[in-house]
Amino acid sequence: MSTQERTIWDRTPSRVRKLLIWGLWFITWLGLVGGLFDRLYYEYVVIFSALHAVLFLLMNGLKVKPFPVQVRIAYFIWVAVGTYVPQLTVLMYITLVGLATNLFLGYCPLARMMTLMPWNRNEKFSLNLVGRVFLSPPMPGRFEPPAPSH
C-alpha cells in the first residue's frame, strides 16, 4: 500500500490507537453506568457512539469494510435501539456488561458476533463455529475464531 493510500488509522501509531480505543470505550461505559441512575445518560451514549462511529469512518477513509468501523456502527445501532425502544432497554444492560468484559478482560462479545456475519467469515456458518467464536479465550488485537479441530 502506498503512502497516499494509507488511511489516517493506518498512519496512527499502534500505542496511540490502543489508548484512543480504550479511552473512547471507557467514556462510553461510564455513560452506561450513569444510565443505571438516569436514563438521560443513555441518550448521551447514543450521541457519543454516533460520534465514535463517524470518527472511525473518517479515520478509515470513509470505508465501512474495516472491522473496527463495522463494530462501531453495530454498537451505535444497538444502543440507539436500546435507548429509544422502551421494550428493549435490556439491550443497555447487556451492553453495560459486554463493554465491561471488553475493557477489563479483553473479551468483546460484539466483535465476536460481528465475525459471524457472512462478509466477515470465510467458513460456513455452523454451531461449531459459534462455539469456537464465543467460547475461545480473549486474544489481543482483532478477534479471529480459532481453526476447527479435526
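The values are calculated or read from the model by the stated rules, or taken from the named source; none is laboratory data. Remember, predicted model here, so these are calculated numbers, not experimental data. Cβ coordinates were reconstructed from backbone atoms using ideal geometry, including for glycine residues, and neighbour counts include every protein chain displayed.
Taken as a whole, the structure leaves residue 44 outside the set of residues that are exposed (fewer than 13 other Cβ atoms within 10 Å of the Cβ), farther than 26 Å from residue 138 by Cβ, more than 14 Å from the chain's Cα centre (by Cα) and at pLDDT 95 or above. Of all residues in segment 118-143, those that are surrounded by 11 or more Cβ atoms within 10 Å (Cβ to Cβ) and touching a residue at least 12 places away in the same chain (Cβ under 8 Å) total 13. Answer yes if at least one residue in segment 13-29 is under 26 Å from residue 136 (Cβ atoms), among the small types (Gly, Ala, Ser), assigned to a helix (DSSP H, G or I) and modelled with pLDDT under 95, and no otherwise. Yes, the conditions are met somewhere in segment 13-29.
Inside segment 56-66, residues that are hydrophobic (A, V, I, L, M, F, W, C), surrounded by fewer than 16 Cβ atoms within 10 Å (Cβ to Cβ) and under 14 Å from the mean Cα position of the chain (by Cα) make up a count of 1.
Any idea which residue in segment 10-34 is farthest from residue 106 (Cα to Cα), counting only those that are touching a residue at least 60 places away in the same chain (Cβ under 8 Å) and buried (at least 16 other Cβ atoms within 10 Å of the Cβ)?
32
Residues in segment 85-117 that are buried (at least 17 other Cβ atoms within 10 Å of the Cβ), among the polar types (S, T, N, Q) and in contact with a Cys (Cβ under 8 Å, 6 or more places away or on another chain): 102 only.
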